[in-house]
Amino acid sequence: MTAREEWLRAHDVAHLKEPGIVLNGKFEDRFEPRVWNWLRPWDFDSSFDVGLVGVGLSTTSILPTSCFAAPDALRLSTPSFTTYSPDFDVDLTSMTARDLGDIAVPVLDQYEGLRRIEDTMSALWQASGDSFLVLIGGDHAITAPAARAFARTHPGQKLGLIHFDAHNDVRVMDHGPTNGTPIRQLLESGLPFSGKNLVQVGIHGFMNASYYKRWVEGQGGTIITGRQVRRAGIDAVIEQMVQIAGDGTDAIYVTVDVDVLELGYAPGTGAATPEGLHPVDLYEALYALGQHPKVAAIDFVEHDPSRDVSAMTGRTMTGGLLSFLAGLFLRRNDGWRGYDPTPITDGD
């Protein structure tokens, strides 16, 4: 029996399969590590700081999408990125990041797929210890079972929600669990998610209903529209959202729907519209959230590679993930930026 098989059996993980794509970069500058050689498949033995889990469910989409392909699209984008950001002045090279693989979801049975996500993430969070897990969807339906799994494996913790999206995602359940219902599901789950600790950031014009605005506000939730972000500035919004989500809570779950972005930067999603955020504002928010001590889980959802143009959306999503990890690196290393800043004056 392999180390992988032994670990999965020991931790009762029944539906985690190997990564769909594994890249092996032949070119590597010894001073400039590339993400595709840094983010490696996990050996199911050694420790890691960050683990990525692919969750390619898309049969729950209200309109047909190919979001099932997003985890592999992220993997395919990694050759374009290095582990250092001069913007944030953080070098991730010494952070151990591992690809744990993909949750196997059936093609035709969305209810079974959602059950597998919740069961698998419960087992992974139970076993992960101090490691930070990041989910790569899939459509937004994955958030409800994933966040429920987090709540159930962290009993006694009150949870805040920060939700980046064009949509409120609180539709009624007439059509079952879809990518339009995850936030309603969490608020009605009986688990410790409170509307007063929900912040929805980037909600777009002409993408929602006044009824659902009133429903969110009736639960005590806060809606910050894309226009409000542009007018107030992202720094003020970051301060507001962490204060609300963190007020009296023990942990914060963050969910990032790529359709929160303006369509010119993220055409590869099912509901791209022009009222969205600029990627750099989202990156600033994710960098700040990575540093926040209460942020304990995050997912990235709704990338549809079949609609993308020149892999633009996939690369934008990967940049967002790395921005979050830059903040997380600072948090886990007490502000150390990952490298010796002494200027080099003698060549190699």
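When the residues of segment 133-173 are filtered to those that are assigned to a strand (DSSP E or B), of a type outside the set (A, V, I, L, M, F, W, C) and in contact with a Pro (Cβ under 9 Å, 6 or more places away or on another chain), the one that is modelled with the highest pLDDT is H163.
One line per residue, one yes/no per condition, for (1) charged (D, E, K, R); (2) in contact with a Lys or Arg (Cβ under 8 Å, 6 or more places away or on another chain); (3) modelled with pLDDT under 95; (4) within 16 Å of Y84 (Cβ to Cβ):
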| residue | (1), (2), (3), (4) |
| --- | --- |
| I298 | no, no, no, no |
| G320 | no, no, no, no |
| L325 | no, no, no, yes |
| R331 | yes, no, no, no |
| G335 | no, no, no, no |
| G338 | no, no, no, yes |
| T345 | no, no, yes, no |
| D348 | yes, no, yes, no |
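P19 fulfils the conditions (1) over 19 Å from D119 (Cα atoms); (2) modelled with pLDDT of 95 or more except for a single criterion, (1). The set of residues in segment 13-34 being without any contact (Cβ under 8 Å) to a residue 60 or more places away in the chain and either surrounded by fewer than 18 Cβ atoms within 10 Å (Cβ to Cβ) or part of a loop (DSSP other than H, G, I, E, B) (or both) consists of I21, L23, N24, G25, K26, F27, E28, D29, R30, F31, E32. Listed by first and then second residue, the pairs linking a residue in segment 276-303 that is free of Cβ contacts under 8 Å to residues at least 60 places away in the same chain to a residue that is among the aromatic types (F, W, Y) and part of a helix (DSSP H, G or I), with Cβ atoms under 8 Å apart and 6 or more places separating them unless they lie on different chains, are L286/F324; G290/F324; G290/F329. Residue count for segment 282-307 under the criterion of being among the charged types (D, E, K, R) and surrounded by fewer than 23 Cβ atoms within 10 Å (Cβ to Cβ): the result is 3.
Entry remark, segment 273-317: residues being in contact with a Phe, Trp or Tyr (Cβ under 9 Å, 6 or more places away or on another chain) and within 24 Å of R231 (Cβ to Cβ) number 13 in total. Reported count of residues in segment 234-260, each being open to solvent by 10 Å² or more (accessible area, probe 1.4 Å), assigned to a helix (DSSP H, G or I), touching a residue at least 12 places away in the same chain (Cβ under 8 Å) and more than 21 Å from Q185 (Cα to Cα), is 5. The set of residues from segment 106-124 being touching a residue at least 60 places away in the same chain (Cβ under 8 Å) and surrounded by 14 or more Cβ atoms within 10 Å (Cβ to Cβ) comprises Q110, L114, R116, I117, D119, T120, M121, A123, L124. Candidates F48, F44: the one that is part of a loop (DSSP other than H, G, I, E, B), over 21 Å from G320 (Cβ atoms), hydrophobic (A, V, I, L, M, F, W, C) and open to solvent by less than 40 Å² (accessible area, probe 1.4 Å) is F44.
The values are calculated or read from the model by the stated rules, or taken from the named source; none is laboratory data. Keep in mind that this is a model prediction, so the values were computed, not measured. So basically every Cβ, Gly included, is an ideal-geometry build from the backbone, and we count neighbours across all protein chains shown. For accessibility, only protein heavy atoms count, side chains too; no ligands or nucleic acids. Shrake-Rupley method; radii C 1.70, N 1.55, O 1.52, S 1.80 Å.
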